[in-house]
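Accompanying notes for the structure given below.
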Number of protein chains: 2
Amino acid sequence: MNPFKITHRDPSGARLGKLKTAHGTIETPFFMPAATKATGKHITTDDYQHLGANVITKALIANAFILSLRPGLEIVQKAGGLHLFMNFPEVIFTDCGGFQMSRGMFEQKTKNGLHFRSPFDNQKVVLTPRKIMEIELKLGSDVAMMLDDMSSYGVSFEEAKQAMENTHRWGSESLSIHQALREHYQSKQLLFGIVQGNFYPELRKESAKFISALDFDGIAIGGVAIGEPLDKMYKAVDAALPFIPKNKIRYVMGVGSPVELLELIARGIDCFDSVYPTQNARHGTLFTREGTLSVKQGKYAQDFTPIETGCGCHTCHHYTKAYLRHLLTIDEPAAKRLLSVHNLYFVQRLILDAKEAIKEKRFAEFKEGFKRNFGR
Amino acid sequence: MNPFKITHRDPSGARLGKLKTAHGTIETPFFMPAATKATGKHITTDDYQHLGANVITKALIANAFILSLRPGLEIVQKAGGLHLFMNFPEVIFTDCGGFQMSRGMFEQKTKNGLHFRSPFDNQKVVLTPRKIMEIELKLGSDVAMMLDDMSSYGVSFEEAKQAMENTHRWGSESLSIHQALREHYQSKQLLFGIVQGNFYPELRKESAKFISALDFDGIAIGGVAIGEPLDKMYKAVDAALPFIPKNKIRYVMGVGSPVELLELIARGIDCFDSVYPTQNARHGTLFTREGTLSVKQGKYAQDFTPIETGCGCHTCHHYTKAYLRHLLTIDEPAAKRLLSVHNLYFVQRLILDAKEAIKEKRFAEFKEGFKRNFGR
């Protein structure tokens with residue numbers, strides 16, 4: 001049974017929907033901040049729930065493989081699952097596979113899976129579809145992602161094709177293993193498939209067809225937002241989208257920036273995750289309706305207004321640009337938390353506004369208006 | 001006029017009182033967390049105001065000299081003073097002098113003052129009584145501390161005596177300059193004197209007499225809690241106390257640990273500041289009624305209870321020891337904030353309980369009961 005239901009459609013292609021999970025029904029579109037290691041960086045799960053006025057983070061994404069190394073499955077299971085371990089009662093996604101391949105611990109891939117060396121104890125670990133399905137089920141996330149093989153930006157067609165074929169094989173295996181586990185453990189965990197194919201449109205098309213033909217609960221497009229020019233990201237997504245069923249929840253992994261979020265929402269994407277807002281915040285780059293600003297700049301040294309006037313976030317409620325700049329100047333780590341709160345609030349608030357616009361069938365106008373002010 | 005009024009006395013010598021400042025009347029005894037650079041470390045001024053249930057930080061201590069270098073007086077003044085700059089509407093103390101001498105930027109002392117080199121632009125700065133009185137007034141703190149000269153633990157009688165004599169000279173100068181400035185600028189800023197004398201009881205006595213004879217609004221005992229054995233700290237305080245008028249607010253600088261706070265409250269000390277709670281927290285050492293615990297220890301890896309059951313702090317309300325240990329294990333900086341919140345809450349809660357005990361004239365019993373459980 002499809003856990004996703006579309007409730008509103010906008011002429012642009014944008015839509016509102018509801019995804020039913022073991023931890024409640026979540027409205028789409030939604031944006032997930034990262035809780036890779038069961039926490040944000042400088043920002044904790046309670047912060048995610050208290051970003052500011054009228055905004056609450058309804059979903060997070062954690063990393064299944066990394067958590068299986070630290071703190072380890074046993075501890076998370078004894079805590080009663082990942083929700084209780086990190087005290088986040090809303091929806092949790094877990095990812096694995098492609099995402100880690102960019103990390104230092106990746107060693108090689110074979111047809112069976114991905115080979116890693118644990119950065120903690122130097123042990124070899126082979127991630128197979130079975131292994132990762134078991135990990136994700138034990139963690140107790142609401143949505144598990146299949147094991148995928150992600151090729152880097154710039155690789156040859158052959159290399160991209162091979163990664164896609166691994167992804168397809170692992171996808172089929174992930175699905176059948178997950179179905180058996182789900183039945184055996186009476187689990188309500190959902191499983192999403194992942195489309196790969198690098199930046200070769202014909203591979204994206206082939207992958208979208210293959211993954212969509214399998215009985216996943218949702219379809220993700222992975223392997224984008226990995227350093228390619230923006231137009232290539234859109235082209236890869238656009239090559240896949242026509243072959244992904246409209247009635248399934250659609251997730252573009254690793255996006256992103258405020259404008260990219262709106263552009264993808266207009267394409268009927270329902271779900272996002274990215275470290276873009278927090279990574280920018282940690283470097284002092286902040287989102288406002290009028291575009292980004294770098295609060296480190298000297299011109300803010302005596303600016304005693306909040307990052308954005310009228311912003312309802314915790315940080316804008318308490319501090320001025322001059323003060324935040326001071327914290328960055330003295331290298332106070334707390335600044336990274338305060339600035340992350342602002343950017344995440346901005347994105348969550350933007351999605352709320354986007355939802356209103358979709359409901360009122362004026363999303364294209366809303367998006368263009370936002371871009372006019374925000375730029376880029 | 002004495003801004004301090006004693007409202008309750010306990011047979012032990014402990015007392016409750018009220019100190020009137022430009023930012024409201026604060027009840028004593030009170031404990032001030034550090035906001036040396038206009039912020040805590042990993043913890044911000046809004047955190048200080050939201051440590052948990054029924055506890056609010058009513059006073060902070062910042063460092064006048066460091067703030068005059070970064071962000072600089074001009075910025076703080078343009079913000080409307082330190083309260084507005086760091087958004088802390090309660091009582092702010094500023095310190096200077098002795099405190100900095102332990103820092104890398106100290107170069108030498110002369111009869112005129114303390115010579116520093118700015119760590120920011122390498123400029124030479126000489127802190128004289130006039131200079132620091134002007135800085136503190138411009139920052140707009142509620143309580144300014146006089147310029148003092150602090151000798152290290154272990155120095156000779158001669159060296160200690162010389163530092164004390166500098167302190168006395170600078171104290172007289174600070175006072176007369178402050179009186180003139182206060183009048184000129186119609187300021188309500190209070191000025192506290194500082195007793196020095198190292199760990200030589202006869203010097204402590206002499207210094208207490210000298211400083212107490214001057215018309216300060218309050219009397220601090222400085223130059224303790226600088227690495228000496230605990231009994232030497234108490235001896236230094238005890239040597240000075242008989243010569244400090246009972247009707248003035250009395251402040252022991254740099255203390256401290258939960259038990260030290262209670263021992264000094266029993267001696268009629270009204271005011272404290274220390275980085276002890278937060279410094280311990282950042283290293284994973286946490287206060288509970290049953291003593292300290294090191295949450296890094298392996299035995300907490302599967303302990304899914306809060307740091308202290310029944311604790312009303314934000315951290316205990318949200319997270320378990322197992323989770324906090326996980327955050328430390330992965331070197332997540334956010335852990336330092338969460339653990340600092342707990343220890344500060346513990347100290348503020350302890351002071352609240354101490355105040356109740358004083359009101360009910362059972363402070364000695366309360367203190368002994370606490371020590372029995374807490375140890376040390």
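Things worth noting here:
- Rotational relation A to B, axis-closest Cβ in chain A, residue and distance rounded to whole Å: A:Pro333, 2
- Largest mean-square fluctuation among B:Asp217, B:Asp47, B:Asp303, in a Gaussian network model of chain B whose springs join Cα atoms under 10 Å apart, belongs to B:Asp303.
- Partner aspartates and glutamates for B:Lys321 [C-alpha distance under 17 Å; skip if fewer than 8 residues away on the same chain]: A:Asp46, A:Glu74, B:Glu290, B:Asp303, B:Glu308, B:Asp331, B:Glu332
- Within straight-line reach of B:Lys355, meaning a Cα separation under 12 Å, sit the following aspartates and glutamates at least 8 residues removed in sequence or on another chain: B:Asp10, B:Glu27, B:Asp270.
- Listed by number, the DSSP H helices of chain B that run 24 Å or longer by alpha-carbon position along their axis and have mean Kyte hydropathy of at least -0.5 are B:334-359.
- In terms of other Cβ atoms within 10 Å, B:Val275, A:Val252, A:Val295 run from fewest to most in the order B:Val275, A:Val295, A:Val252.
- Given A:Lys209/A:Lys367; A:Lys336/B:Lys336; A:Lys124/B:Lys296, the pairs whose alpha carbons are separated by over 19 Å: A:Lys209/A:Lys367; A:Lys124/B:Lys296
- 3J(HN,Hα) along the stretch A:291-306, derived from phi through the Karplus expression 6.51 cos²θ - 1.76 cosθ + 1.60 where θ = phi - 60°, amounts to x, 8, 9, 9, 6, 6, 4, x, 5, 8, 4, 10, 9, 9, 10, x Hz, with x in place of Gly and Pro.
- Taking a ≥ b ≥ c as the square roots of the eigenvalues of the alpha carbon gyration tensor, the stretch B:4-282 is rounded, as a/c is under 1.5.
- Between B:Asp270 and B:Arg250, B:Tyr251, B:Val252, the built amide H atoms are under 5 Å apart, and every one of these is 5 or more places off in sequence or on another chain.
- If you plug the beta carbon distance of A:Arg267 and B:Gln302 into 1/(1 + (r/R0)^6) with R0 = 56 Å, you get a FRET efficiency near 0.80.
- Vicinal HN-Hα couplings computed from phi for the stretch A:50-56 (Karplus, 6.51 cos²θ - 1.76 cosθ + 1.60; Hz; Gly/Pro x): 9, 6, x, 5, 6, 10, 9
- Sum of side-chain charges, B:Tyr319 neighbourhood, beta-carbon under 11 Å (Lys, Arg +1; Asp, Glu -1): +1
- Copy-to-copy label separations for B:Asp331, where each label sits 7 Å from Cα toward Cβ, in nm and ascending: 1.4
- Residue exposure proxy: A:Leu147, B:Leu352, ordered by other Cβ atoms within 10 angstrom of their Cβ from fewest to most, comes out as B:Leu352, A:Leu147.
- Peptide A:39-46 has a mean shielding of 6, counted as Cβ atoms of other protein chains within 10 Å of each residue's Cβ.
- Shortest first, A:Gln179 label-point distances to identical copies amount to 9.2 nm, with the label point at 7 Å from Cα along Cα→Cβ.
- Using a 7 Å Cα-to-Cβ projection, B:Phe304 label spacings across copies, nm, ascending: 5.1
- GNM top mover of A:Asp149, A:Asp95, A:Asp121 - chain A, alpha-carbon springs below 10 Å: A:Asp121
- Other-chain or far-sequence residues with amide H under 5 Å of A:Val125's (modelled H): A:Phe116, A:Arg117, A:Ser118
- With both labels modelled 7 Å from their Cα along Cα-to-Cβ, the A:Val126 to A:Lys246 distance reads 4.4 nm.
- Spin-label pair A:Ala213-A:Glu27: with each label point 7 Å from Cα along the Cα-Cβ axis, the two points sit 3.8 nm from one another.
- Fewest neighbouring Cβ atoms within 10 Å first, the residues A:Tyr319, A:Tyr200, B:Tyr234, B:Tyr251 line up as B:Tyr234, A:Tyr200, A:Tyr319, B:Tyr251.
- Between B:Asp231 and A:Leu352, the FRET efficiency from the beta-carbon distance, with R0 = 51 Å, is close to 0.25.
- Sum of side-chain charges, A:His184 neighbourhood, beta-carbon under 15 Å (Lys, Arg +1; Asp, Glu -1): +1
- 11 Å beta-carbon shell around A:Ile66, net charge (K/R +1, D/E -1): +2
Read-outs: derived from the displayed coordinates by stated rules, not from any lab. Everything numeric in this text was worked out from a predicted model, so none of it was measured. Ideal geometry is used to build each Cβ from the backbone, glycine not excepted, and the neighbour counts take in all protein chains shown.
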